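Down below is the structure, laid out as structure tokens.
The values are calculated or read from the model by the stated rules, or taken from the named source; none is laboratory data. Please read all numbers here as calculations on a predicted model, not as lab measurements. Cβ: placed from backbone, ideal geometry, glycine included. Neighbour counts: every protein chain shown. Heads up: the accessible areas ignore ligands, DNA and RNA and are worked out on the full protein's heavy atoms, side chains in. Shrake-Rupley method; radii C 1.70, N 1.55, O 1.52, S 1.80 Å.
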Amino acid sequence: MILDCHTHLAPPRPEAVVCASPAGFVPAGGQLYSLGIHPWRPEEATEENFGLLARLAGMPEVAAIGEAGVDQLRGGPMYRQMLAFRRQIEISEAAGKPLVVHDVKAHDSVAGLRRDYAPVQPWILHGFRAKPTVAKMMLQASDGFWFSFGEKFNPDALRAVPRERILAETDESALDIRQIIARLSEALGEDLTETIAANSARVFATAHRAADSR
Ligand SMILES: [Zn+2]
């Protein structure tokens, strides 16, 4: 059962999708991963790594592409970040696997790219801590956005997101995923464990099917 859709903590994490870079990727048995080139690491945005990512994306252990995205406060120059993000949008679509999106003060760019590409795959807005107005703006822009909440979140934004689009994550938190889900549950006034487990199973369905059919 997957509860944690995004973590940088080391495997084994049987309830998590572990985020890793394509360069030097060696999967641990039974672990699910998201593979991508982070906007904070522009030096990894090379043709070689995009090619590698496109090949690794077909592995059943790879449940998602990312994290990938745009960060206005940190990382490489904006044009390079956008280029790397676009490449990973295309890899996500070609592989048929969802995209874990890093969006820091770049909501307009992310929503605009979603509209332009009209991708089939879900985009998981990871570490969502923006205001409810931003959540509503993203929901209006596309029904393909999912919202992953971690240790820091805006309770009003959590309440603004439909139940079927709520995910949870540890990212780099010292709290474990069940403690984070307990906080989210408290903010909503209902236990979200089952909701998050069901949503995670749906959003990563392609990878699960691929792993089952092996
Ligand atoms: Zn992260």
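The figures follow:
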{"read-out": "Shape category assigned to region 111-173 from the gyration tensor of Cα positions, a/c cut at 1.5", "value": "prolate"}
{"read-out": "Extension gain (nm, one decimal) between TYR117 and MET137, 0.36 nm per residue minus Cα-Cα", "value": "5.4 nm"}
{"read-out": "Most positive-pole-ward Cα, PRO122, GLY189, ALA94, against dipole of region 94-214 from beta carbon charges", "value": "ALA94"}
{"read-out": "Positive-pole candidate from ALA141, VAL70, HIS6, dipole of the chain, charges at beta carbon", "value": "ALA141"}
{"read-out": "The chain: calculated mean residue ellipticity at 222 nm from DSSP helix runs of at least 4, using -39500 (n - 2.57)", "value": "-12000 deg cm²/dmol"}
{"read-out": "For region 161-196 and region 64-139, distance of Cα centres in Å", "value": "21"}
{"read-out": "Solvent-accessible area per residue, Å², over region 4-212 with all protein chains present [probe radius 1.4 Å]", "value": "44"}
{"read-out": "Exposure rank, largest accessible area first [TYR79, TYR117; 1.4 Å]", "value": "TYR79, TYR117"}
{"read-out": "Cα centre as origin, Lys/Arg/Asp/Glu Cβ charges: region 4-212 dipole, Debye", "value": "440"}
{"read-out": "In region 4-212, lysine pairs closer than 22 Å at Cα, eight or more apart or cross-chain", "value": "5"}
{"read-out": "Per-peptide average of other Cβ atoms within 10 Å, ordering 14-23, 190-199, 60-69 highest first", "value": "60-69, 14-23, 190-199"}
{"read-out": "Using a Förster distance of 35 Å, the FRET efficiency for ARG55-TYR79 (Cβ separation, nearest 0.05)", "value": "0.85"}
{"read-out": "Computed over region 1-98, Kirkwood Rh from alpha-carbon pairs, angstrom", "value": "13.4"}
{"read-out": "Percent carbon-and-sulfur accessible area, the chain, ignoring ligands, DNA and RNA, probe 1.4 Å", "value": "52"}
{"read-out": "Size of charge dipole - region 55-123 - debye, nearest 20, with Cβ of Lys, Arg +1 and Asp, Glu -1, no other charges", "value": "140"}
{"read-out": "P(r) histogram, all alpha-carbon pairs of the chain included - 10 Å bins from 0, percent", "value": "9, 38, 39, 14, 1"}
